[in-house]
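Remarks on the structure that follows.
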Amino acid sequence: MSLTVKKLSFTYNPGLPTEAKALQNVSFNAEKGEILSIVGHTGSGKSTLAMHLNGLLVPQSGEVIVDGLKTDSEPNNLKKIRQCVGLVFQYPEQQIFAETVRDEISFGPYNWGKRGEALEERVFEAMDLIGLDNSFASANPFLLSGGEKRRVAIASVLASEPGYLVLDEPTAGLDFTGVCELTLLLRSMSEKGICVIHITHDLELALNISDRILIISEGTVTAYGTPSEISEMLSNINVKGLILPDILSLSYELKKTGSIENLTSDPYRLAEQIKAAKMRCR
Amino acid sequence: MAPVSAMLPRWRLYSWSNNLMSSGTTLYLKGAEFQYPDNEKKVLKGIDLEIRAGEWIALLGPNGSGKSTLLKLFNALLLPSQGCCFIDGINTNETKSVALIRSKVSIVFQNPEDQIVASVVEEDTAFGPENLGLRSDEIKIRVKEALISVGLWEKRKHAVSSLSGGQKQRLALAGVFAIRPGSLLLDEAMSMLDPASRKSFLDLIKREHSSGCTIVQVTHRLDEILNSDRTVVITDGQISWQGKTENFLSISENELKDMGFAKPPVAVLKEELVKSGIIPGSTRSDIGEIRKKLCLLQ
Ligand SMILES: Nc1ncnc2c1ncn2[C@@H]1O[C@H](COP(=O)(O)OP(=O)(O)O)[C@@H](O)[C@H]1O
Ligand SMILES: Nc1ncnc2c1ncn2[C@@H]1O[C@H](COP(=O)(O)OP(=O)(O)O)[C@@H](O)[C@H]1O
Ligand SMILES: [Mg+2]
Ligand SMILES: [Mg+2]
């Protein structure tokens with residue numbers, strides 16, 4: 001059971017003056033139970049890729065296969081795929097439409113045929129997962145804080161019990177506490193066996209929370225691997241629009257000059273190594 | 001409930017003014033309180049804050065603590081319900097001075113949609129200078145300079161609606177640059193930018209600051225405030241901490257976490273190295289400076 005993207009390419013408005021190549025020959029694989037971060041600069045194609053994962057866009061060439069089903073096959077499969085791959089858009093709170101949190105979160109499972117108690121159960125389970133207590137059920141989502149709205153929007157996707165959760169820049173605009181809560185949440189989702197595909201432009205965050213990282217630049221994959229593999233790779237390649245975390249880039253330099261052994265983006269580990277290297281003031 | 005914008009004139013309403021600022025504005029709040037008409041809660045509860053001309057202030061605080069409201073007092077979009085607000089000594093409650101105040105104080109809003117007024121990129125940027133009553137050749141120069149500096153010159157003929165969120169934030173900044181205000185208030189103005197654009201956006205702010213502009217920067221990310229002079233933290237409508245930014249950054253990681261902030265990794269590194277006597281305590285939390293000090297040691 002996994003989500004596989006094979007040689008996916010996509011161009012907006014092909015043949016027109018406004019033509020934009022968004023994805024070129026993108027391939028990767030995401031497994032249940034992992035957090036895969038997709039990292040890239042603005043305009044690198046992240047959102048276009050996200051929309052391919054649940055069949056909102058279908059490949060112009062290449063393929064996307066979810067649990068064995070291709071997104072460009074018969075409509076029946078597409079329906080299954082949509083249910084199985086939950087997509088949380090960028091600024092999802094902007095798409096909130098219902099008058100109560102309960103109605104907002106019910107929308108998905110209702111569409112997939114849940115009614116009565118089963119529906120109610122889904123709603124409360126999703127709220128529980130995302131850390132919204134039951135008292136929120138009758139609240140007006142428009143009056144909640146930014147972080148709370150974001151959680152309602154994510155809960156409404158979780159309510160459909162997706163096996164894959166794709167989140168497009170879920171931490172944008174959240175304060176630190178919000179970011180911490182969200183990353184813990186992503187971790188607990190993945191521990192429950194959900195495959196979390198986390199889209200971000202923040203390499204530092206990705207290095208800290210992911211099992212694997214895919215870096216895309218101008219529509220093509222430039223690096224793919226575990227955080228430590230990625231740290232190694234980035235010392236050799238220059239990815240357009242990608243700023244290396246300060247600590248990591250200093251650790252490259254110090255490693256190159258032979259002062260330290262290991263690359264790291266953790267300030268404590270870098271400091272330890274510098275101390276060990278006995279770079280002392282005289 | 002009525003949005004603030006319905007209660008007050010559009011923020012970008014400037015009248016002709018020859019008092020264009022090239023040097024920084026002083027911003028002063030004295031015992032300022034604020035309460036929205038249809039909200040029982042007092043949002044600001046007695047703020048005393050004096051911001052000197054040319055100072056760079058980082059204004060921090062959790063969501064809902066009153067930061068955006070405070071900024072709106074400074075350009076007379078809102079008036080204090082108690083206490084007062086002075087801009088270069090002018091009380092913001094003098095209606096006749098509102099235009100002058102707005103030419104001195106520009107806000108880049110949290111949501112760029114709130115301040116985009118035209119449908120074509122270059123027209124939007126021209127809006128501010130047009131309202132200042134500038135000559136058309138001067139407007140052209142300013143628009144070009146502003147759009148080049150935010151990297152949108154190539155898109156000057158494009159529809160605003162075709163821009164991404166990050167591009168709209170940069171357009172909002174261009175509109176404000178073109179006015180050349182004496183103070184720039186940034187309300188989470190970089191929240192939608194990726195790290196590369198964030199870096200160039202910060203460089204632009206540094207440039208404005210070094211030309212004397214007063215900066216008030218609201219953000220959640222401490223790695224954006226490393227260049228500020230002073231940090232002010234608002235909690236529940238009151239100032240809960242203020243002091244030099246370097247002192248704020250040397251608060252321990254756990255204590256900052258309790259205050260709701262992530263200590264920037266650079267500040268953590270600096271502190272660890274200072275603690276073990278590798279670099280001097282006077283080193284700023286800046287990777288370039290730490291690098292230099294380390295190189296000197298090798
Ligand atoms: N609806 C669209 N029509 C035309 N071009 C688009 C559209 N959406 C995105 N693009 C273009 O496709 C490229 C990738 O965009 P996107 O997937 O949104 O990137 P990201 O999410 O990484 O910022 C960009 O060059 C963008 O301008
Ligand atoms: N137009 C408004 N009407 C009523 N209450 C508002 C309005 N705008 C903000 N508030 C309330 O004022 C408080 C402070 O909001 P704000 O200044 O936007 O905080 P921050 O910018 O720090 O997140 C919040 O509790 C918010 O709900
Ligand atoms: Mg996107
Ligand atoms: Mg705000």
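The values are calculated or read from the model by the stated rules, or taken from the named source; none is laboratory data. Bear in mind the structure is a predicted one, so any value in this text is a computation, not a measurement. Cβ sites come from the backbone with ideal geometry, for glycine too, and all protein chains shown count toward neighbours. The protein model used for the area step is the full one, side chains on, heavy atoms only, and it has no ligands, DNA or RNA in it. Shrake-Rupley method; radii C 1.70, N 1.55, O 1.52, S 1.80 Å.
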**OP:** Determine the gain in length on full extension of the stretch A:K79-A:R187; use 0.36 nm per residue of separation and subtract their C-alpha separation, reporting nm with one decimal.
**Re:** 36.2 nm
Subject >> Inter-site label distance for B:S210 and B:S276 at 7 Å from Cα along Cβ, in nm >> reply: 3.4
Original post:
Counting DSSP beta bridges in the protein assembly as shown, what percent are antiparallel, to the nearest 5?
Top reply: 55
Subject >> Residues A:E232 and A:K275, FRET efficiency given R0 of 25 Å [Cβ-Cβ distance, rounded to 0.05] >> reply: 0.60
Original post:
Over chain B, what is the relative contact order in whole percent, taking alpha-carbon pairs under 8 Å and six or more residues apart?
Top reply: 22
Original post:
Per the Kirkwood formula on distinct C-alpha pairs, the Rh of the stretch A:1-155 is how many angstrom?
Top reply: 17.4
Original post:
Assuming R0 = 25 Å, what is the FRET efficiency of B:K41 and B:K96, from their Cβ-Cβ distance, to the nearest 0.05?
Top reply: 0.20
Original post:
To the nearest 10 square angstrom, how much accessible area does A:V88 have with a 1.4 angstrom probe?
Top reply: 10
Original post:
Mind checking which of B:K168, B:K144, B:K41 has the largest fluctuation in a GNM of chain B, springs on alpha carbons under 10 Å?
Top reply: B:K41
**OP:** Just read off the accessible area of A:Y110 with the full protein assembly in place, 1.4 Å probe, to the nearest 10 Å².
**Re:** 110
**OP:** Using only Cα atoms, locate the centre of the stretch A:188-202 and the centre of the stretch B:100-116, then give the distance between them in Å, rounded to an integer.
**Re:** 37
Original post:
Accessible area, 1.4 Å probe, largest first: how do A:R187, B:R102 sort?
Top reply: A:R187, B:R102
Subject >> Residues losing 50 Å² or more accessible surface upon assembly, the stretch A:245-265, compared with the chain by itself, 1.4 Å >> reply: A:D246, A:L250
Subject >> Acute angle (nearest 10 degrees) that the helix B:195-210 long axis makes with the longest principal axis of chain B, alpha-carbon atoms >> reply: 80
Original post:
Under a no-solvent Debye model with one identical scatterer per Cα of the stretch A:176-282, what's log10 I(q)/I(0) at q = 0.13, 0.16, 0.18 Å⁻¹?
Top reply: -0.57, -0.81, -0.96
**OP:** Hey, can you grab everything whose amide H is under 5 Å from the amide H of A:F10? Only 5+ residues off in sequence or another chain; H modelled, so Pro and N-termini drop out.
**Re:** A:A22, A:L23, A:Q24, A:N25
Original post:
In whole Å and largest first, what semi-axes does the C-alpha gyration tensor of the protein assembly as shown yield when each eigenvalue is scaled by 5 and square-rooted?
Top reply: 39, 32, 25
Subject >> Degrees separating the helix B:165-177 axis from the principal Cα axis of chain B, which is the longest one >> reply: 70
Original post:
Given chain A, what percent of its DSSP beta bridges are antiparallel, to the nearest 5?
Top reply: 55
Subject >> q = 0.15, 0.20 Å⁻¹: log10 I(q)/I(0) that the Debye formula gives for the stretch B:110-200, counting C-alpha atoms only >> reply: -0.50, -0.91
Original post:
Based on the alpha-carbon gyration tensor of chain A and its eigenvalue square roots a ≥ b ≥ c, which shape applies: rounded if a/c is under 1.5, prolate if not and a/b is larger than b/c, or oblate?
Top reply: oblate
Original post:
What residues have an amide H closer than 5 Å to that of B:L186, excluding those fewer than 5 places away on the same chain, when H is modeled at 1.01 Å from N in the peptide plane?
Top reply: B:V108, B:V216, B:Q217, B:V218
**OP:** In nm, give the distance between the simple-model label positions of A:E121 and A:D133, each being 7 Å from the Cα along the Cα-to-Cβ direction.
**Re:** 2.5
Subject >> Solvent-accessible surface ranking, highest first, for A:E104, A:E63, B:E123 at 1.4 angstrom >> reply: B:E123, A:E63, A:E104
Subject >> Among A:G225, A:G163, A:G258: highest mean-square fluctuation, GNM of chain A, C-alpha pairs under 10 Å >> reply: A:G258
Original post:
Given the protein chains as shown and a 1.4 Å probe, how many square angstrom of A:K240 are accessible, to the nearest 10?
Top reply: 120
Original post:
Remind me, relative contact order of the stretch A:179-228 in percent, using alpha carbon pairs under 8 angstrom and six or more residues apart?
Top reply: 23
